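Asker: Pasting in a structure now, in structure tokens, and then I'll have a few things to ask.
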Amino acid sequence: MKRIGRGDDQPPIGCDVAGRLDRGDLHDGVNCDVIWLDTLLYELIGKLMGLGLRACEQYMGQTSTVGLSRNYKDVRPWDKFAQQGPSNEQIEGRIMTVCILGAGAFGTALAVALSDRHDVRLWGRDGAALAEVAQSRKSPRLPNVTLAENITVTDDANTALQGAEFILCAIPLQATAEALSDLAPLFAGQPLIGCSKGMDLTTGLGGYSVLRSVYKTGPSGVLTGPSFAVDIAKGLPTALTLAAEAQENVSAWQAALSTETLRLYTSGDPIGAELGGALKNVMAIACGATIGAGLGQSARAALITRGQAEITRFAVKLGAQPETLAGLAGFGDLCLTCTSEKSRNYQFGLALGQGQVFDKAITVEGRATALALLPIMERLDIDMPIAKAVAGLCAGTITVAQAMAALMARPLRKEI
């Protein structure tokens, strides 16, 4: 059995485990459709494994505050702890219209995830390519995922934004300001949530700050954290940070945009969230170069740790809260990006370390971010030796061997 709208390689529920579950114990309102039951059992088994069999009575029959499927109106069983989250009666269970700007891998993945609860409009600029996606229901960015019928794919901004209650911006950051300058006049005061990571080369602004500089007639936020597009599109469990300055806004957004596999945590620190997501890409390049050059896992662990110190130092100087950088938006994202070859920034670093030419058509936000960081760290006198070394690597002014030698030759000091 497979889950709706997910990848073809979604693992089935184990019959030996599912066969022992008594359907009579399930909540009376649960739709017994086979595909819905598959999804239900998939999460139920995961919960039982974590809670233990003694906690079954606490688990069965509870209702969720979030996570309703857009294809079913019935509430699934859920544990009582979920009810501590925000419950907005105007949002709960209601099908909304969500517009996603940017039809790349991440924007498409968000469209797939959110289509479980809402109607989605996916907008991009390449009309011919989008027409093919609309016809085939397949995106070349995520070839193993089929787009649900309630995802409208279009290059017409008016169509995409008509009646949209949320706007998510997944346009690559270096193109975000220009694109939003054209699109913002069509907005109608909806929440605009940035989903791109990096720092603008021209202004030095992070993703959230770019949004605020262009869109001033409605609320803005940032969605960030450890995630790969392919994982989100397949329906694999993912946790992200949803940050905005107004907590009453972000709590309602959390309730509306969380799904059964996309768990959102709120934060009132959008500056920390945007900078954590931007600077981790720089450190991923450093880690990739280290492994590519054969310098070993221990060196990478040192770079991740000291990179976290640099990210926190920089972000706090710009007004971020240090605890934000210890969460999903900071250390969580850093760990994922610095250790997986799914990361474009890590792949770019690998190529640098191996002396190979990297495909220029692939977006590497960490490269632009490293170069954007240089004048800011110098102006504010922030010590960031790893970020400075990565900027040198990206500019071609130093080699990996020279960068590592310079880092190892720094004066000895106390760690914390």
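Where a number appears in this text, it was derived from the coordinates with a stated rule and is not lab data. Small disclaimer: the values here were computed from a predicted structure and weren't measured. Glycine also receives a Cβ, built like all others from the backbone with ideal geometry; neighbour counts cover every protein chain displayed.
Asker: With each label point set 7 Å from Cα along the Cα-Cβ vector, what nm distance links ASP156 and ALA239?
Answerer: Here the modelled spin labels are 4.3 nm apart.
Asker: Could you give the length gained on full extension between LYS342 and GLU178, defined as 0.36 nm per residue of separation minus the Cα-Cα distance, in nm?
Answerer: Details: separation 164, 0.36 × 164 = 59.04 nm, distance 2.82 nm.
Result for the pair: 56.2 nm of gain on full extension.
Asker: Along its three principal axes, how long is the range 272-408 when you only count alpha carbons? Whole Å, largest extent first please.
Answerer: Its Cα atoms span 38, 31, 29 Å along the three principal axes.
Asker: Considering the options ALA361, ALA284, ALA351, tell which one lies farthest towards the positive end of the dipole of the range 262-416, charges being +1 on Lys and Arg and -1 on Asp and Glu at the Cβ, about the Cα centre.
Answerer: ALA351
Asker: Between the range 263-305 and the range 114-168, what is the C-alpha centre distance in whole Å?
Answerer: 31
Asker: Of ILE311, ILE382, ILE151, how do they rank once you tally other Cβ atoms within 10 Å and put the fewest first? Show your work: numbers first, answer last.
Answerer: Details: ILE311 27, ILE382 17, ILE151 24.
The order, fewest Cβ neighbours first, is ILE382, ILE151, ILE311.
Asker: Which of ASP231, ASP119 comes first, and how do the rest follow, when ranked by fewest Cβ neighbours within 10 Å? Let's see the in-between values first.
Answerer: Numbers: ASP231 17, ASP119 20.
Arranged by neighbour count, lowest to highest, ASP231, ASP119 become ASP231, ASP119.
Asker: Within the range 147-161, which residues have the backbone N less than 16 Å from the label spot 7 Å out from GLN135 along Cα→beta-carbon, could you tell me?
Answerer: Backbone N within reach: 153-155.
Asker: With labels modelled as points extended 7 Å from the Cα through the Cβ direction, what inter-label distance (nm, one decimal) is found for THR217 paired with ALA395?
Answerer: Distance between the two pseudo-spin positions: 4.1 nm.
Asker: State to the nearest 20 debye the size of the charge dipole of the range 282-356 about its Cα centre, where the only charges are +1 on K and R beta carbons and -1 on D and E beta carbons.
Answerer: Working: 6 positive and 4 negative charges, 21 e Å.
Computed about the Cα centre, the dipole is about 100 debye.
Asker: Which order do ASP359, ASP116 fall in if you start with the one that has the fewest other Cβ atoms within 10 Å?
Answerer: Details: ASP359 10, ASP116 25.
Lowest count first: ASP359, ASP116.
Asker: Okay, next question. Taking the Cβ of PRO185 as the centre, find all other residues whose Cβ is under 14 Å away and add up their charges (Lys, Arg: +1; Asp, Glu: -1).
Answerer: Values: positive: LYS216; negative: GLU178, ASP182.
For residues surrounding PRO185, the net value is -1.
Asker: Given a Förster radius of 35 Å and the C-beta distance between THR305 and ALA246 as r, what FRET efficiency does 1/(1 + (r/R0)^6) yield to the nearest 0.05? Before the final figure, lay out each step's value.
Answerer: On the way: r = 34 Å, r/R0 = 0.97.
Taking R0 as 35 Å, the efficiency between THR305 and ALA246 is 0.55.
Asker: Using the Cβ atoms and a cut-off under 12 Å, what net charge is assigned to the surroundings of ILE416, where Lys and Arg are +1 and Asp and Glu are -1?
Answerer: Numbers: positive: ARG306, ARG313, ARG413, LYS414; negative: GLU415.
So the surrounding residues net to +3.
Asker: Count the net charge of all other residues whose Cβ sits under 15 Å from the Cβ of ALA299, scoring Lys and Arg as +1 and Asp and Glu as -1.
Answerer: Working: positive: ARG300, ARG306, ARG410; negative: none.
In short, +3.
Asker: About the Cα centre, and with charges only on the beta carbon of Lys, Arg (+1) and Asp, Glu (-1), how big is the dipole of the range 272-408? Nearest 20 debye, please.
Answerer: Working: 11 positive and 10 negative charges, 35 e Å.
So the dipole magnitude of the range 272-408 works out to roughly 160 debye.
Asker: Under 37 °C and 0.692 mPa s, how fast does the range 242-352 diffuse according to Stokes-Einstein, given a Kirkwood radius computed over C-alpha pairs? Answer in µm²/s, whole number.
Answerer: Numbers: Rh = 14.6 Å.
Rounded to a whole number, D works out at 225 µm²/s.
Asker: List, in the order given, every pair from LYS280/LYS317; LYS138/LYS360; LYS360/LYS388; LYS280/LYS388; LYS197/LYS342 whose Cα-Cα distance in the structure shown is over 19 Å.
Answerer: Numbers: LYS280/LYS317 17 Å; LYS138/LYS360 24 Å; LYS360/LYS388 22 Å; LYS280/LYS388 14 Å; LYS197/LYS342 16 Å.
Too far apart for the 19 Å limit: LYS138/LYS360; LYS360/LYS388.
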